[in-house]
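The values are calculated or read from the model by the stated rules, or taken from the named source; none is laboratory data. Model, not experiment: these values are computed from the prediction. Don't worry about glycine lacking a Cβ; one is built from the backbone with ideal geometry, like all the others, and counts go over all protein chains shown. Side chains included, ligands, DNA and RNA excluded: accessible areas come from the protein's heavy atoms. Shrake-Rupley method; radii C 1.70, N 1.55, O 1.52, S 1.80 Å.
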Amino acid sequence: VAAGDVERGQGRGRGDSVPTARGEHIHSEPPMPQPRAVVQRASVRGQILDALRTALVTGELTPGVVYSAPALGERFGVSATPVREAMQQLAQEGAVEVVPNRGFRVVERGARELAELAEVRALIEVPVMLRLARTVSAERWAELRPLAEATVRAAATGCRATYTEADRTFHRAVLSLCGNEQLVQIADDLHRRAAHSRTDLLADAAEHSALLDALIAGDVDVVRVLVGEHFAG
């Protein structure tokens, strides 16, 4: 019985009934269990997913090699279940492929596939950036300066995983200004797939700062050149 029902029933005789809302059950109804295990499981899966993405970007998980969920579970100190669930997510993103009765093979992206991903990203992001260059204020662009600077610092560490996350955050922040969440999600997925394509991280990060300078200045022609070079690289 809910606490409010008990209070409303005080002062009544034994024969009196406690008023209840229509459809409300008060007879031997078990309490709703707290979903702690579900939350913890989701948290573990998310942590394993982040760890696997980092291992993919750094090359710790080798392209072409098949990894089993139990073996990776031992490696991360967890059961095979959250690893398998995280790997299924990576399979949906195209980072790994399922090998029946064995595990998951890390996808090896060739030069042609990376070029195709870059082309698709350019088709999506370049028109949006050019439109935003004409409509977003210099003050709003200036607010993104810390994110551009973060990519430079990340590139200086030489850690590809750190840089990939900073790069993704910058591009997501820029595209978010268009107000189209579906576009942002698609571009984000393409960014993850193309995470291995950059070789000169410092040069890539410098392009972010130059692009932001042009956006703040409102120089659409320079923006067009810079974004074209950014994706062509």
Return the sequence-ordered ³J(HN,Hα) values of the stretch 83-89 in whole Hz as given by the Karplus equation 6.51 cos²θ - 1.76 cosθ + 1.60 applied to θ = phi - 60°, using x for Gly and Pro. 5, 4, 5, 5, 5, 4, 5
For ALA91 and SER209 in the same chain, what is the full-extension length gain: residue separation times 0.36 nm, less their Cα-Cα distance, in nm? 39.1 nm
Can you tell me the length gained on complete extension of the stretch LEU183 to THR135, counting 0.36 nm per residue apart and subtracting the Cα distance? 15.5 nm
Taking the convex hull of the alpha-carbon atoms of the stretch 108-159 and averaging its shadow over every direction gives an area in square nanometres of 5.1 nm²
Per the 1.4 Å probe, what fraction of the accessible area of the stretch 56-116, in percent, lies on carbon and sulfur atoms? 48 percent
Quick check: the distance between the Cα centres of the stretch 129-193 and the stretch 199-226, to the nearest angstrom? 12 Å
Give a residue-ordered list of calculated ³J(HN,Hα) values for the stretch 158-167 (Karplus: 6.51 cos²θ - 1.76 cosθ + 1.60, θ = phi - 60°; whole Hz; x for Gly, Pro). x, 8, 5, 5, 4, 5, 4, 5, 5, 5
Near VAL107, within a Cβ-to-Cβ distance under 10 Å, what is the net charge of the other residues, with Lys and Arg +1 and Asp and Glu -1? -1
